[in-house]
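Chemist: I have a structure here, written as structure tokens, and I will follow up with some questions on it.
The values are calculated or read from the model by the stated rules, or taken from the named source; none is laboratory data. These figures come from a predicted structure and were not determined experimentally. All Cβ positions, glycine included, derive from the backbone under ideal geometry; neighbour counts span all protein chains shown.
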Amino acid sequence: MNSWSVVCLVAVAVGAASPVAVRAQGGTAGPAPAVDPSWLQVDTVTKTVTFQLVAGLTGLNGALNFNGFRDGGLTLTVPVGWTVVMHFRNHDGMLPHSAEIIADTHPLPTGPVAPAFPRAFTLRLDQGLISEQTDDLRFIADKGGSYLIFCGVPGHGAAGMWVRFEVSGSVQKPSLAATPAGKP
Ligand SMILES: [Cu+2]
């Protein structure tokens, strides 16, 4: 490559950088969220699954998301009978958030409802936990079925702040996967 073409490439790269950066900050069509395998830890001896549940991980949906996913776009599946530990953390610098496991219902509740399993909810479900506060959900997934991980702060869940939680009698190991977003 001669020196002239190097100069041209640099000029193109610099010229392209600004509009791309502006679009990314606009946030309407950011990159598709990715599942981070480190969010899930599986202990097959004690049959315990530990999940890092992060409210407002990204700016998606005005930070009304869990781990960067909204409207059921992420599904945690666990075998029936396993112990589930969710380490909840609110990463949103602006809004309080909470989390609870609820039945898969439509329409979505507008605020906190009874959890589907005992202790399957964070403190201050209604008011939410403020930025960088943490709490643990710990329960036994002893009933098969489809559930939601839902933010109980009024309006948040209905605005898309929920992902899916499946308790399955036909899987041997927990898994975490991106799933089609949509209404429950
Ligand atoms: Cu919330």
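Chemist: Would you mind finding the one in 105, 179 that is touching a Phe, Trp or Tyr at 6+ places or on another chain (Cβ under 9 Å) and either of a type in the set (Val, Ile, Thr) or at pLDDT below 95 (or both)?
Modeler: Details: 105 fails: touching a Phe, Trp or Tyr at 6+ places or on another chain (Cβ under 9 Å).
Result of the check over 105, 179: 179.
Chemist: Shifting gears a bit: Being of a type in the set (A, V, I, L, M, F, W, C) and within 30 Å of residue 44 (Cα to Cα) narrows it down to one residue among 60, 108, 125, 76; which is it?
Modeler: Matching residue, one of 60, 108, 125, 76: 76.
Chemist: Looking only at the stretch 78-112, which residues are within 16 Å of the ligand (Cβ to nearest atom), within 28 Å of residue 170 (Cα to Cα) and not aromatic (Phe, Trp, Tyr)?
Modeler: Scanning the stretch 78-112 gives 86, 99, 100, 101, 102, 108.
Chemist: Out of all the residues in the stretch 113-130, which are within 14 Å of the ligand (Cβ to nearest atom) and either in contact with a Pro (Cβ under 7 Å, 6 or more places away or on another chain) or more than 17 Å from residue 91 (Cα to Cα) (or both)?
Modeler: Hits for the stretch 113-130 are 121, 125, 126, 127, 128, 129, 130.
Yes or no, residue by residue, for (1) assigned to a strand (DSSP E or B); (2) more than 12 Å from the ligand (Cβ to nearest atom):
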| position | (1), (2) |
| --- | --- |
| 132 | no, yes |
| 136 | yes, yes |
| 153 | no, no |
| 160 | no, no |
| 167 | yes, yes |
| 182 | no, yes |
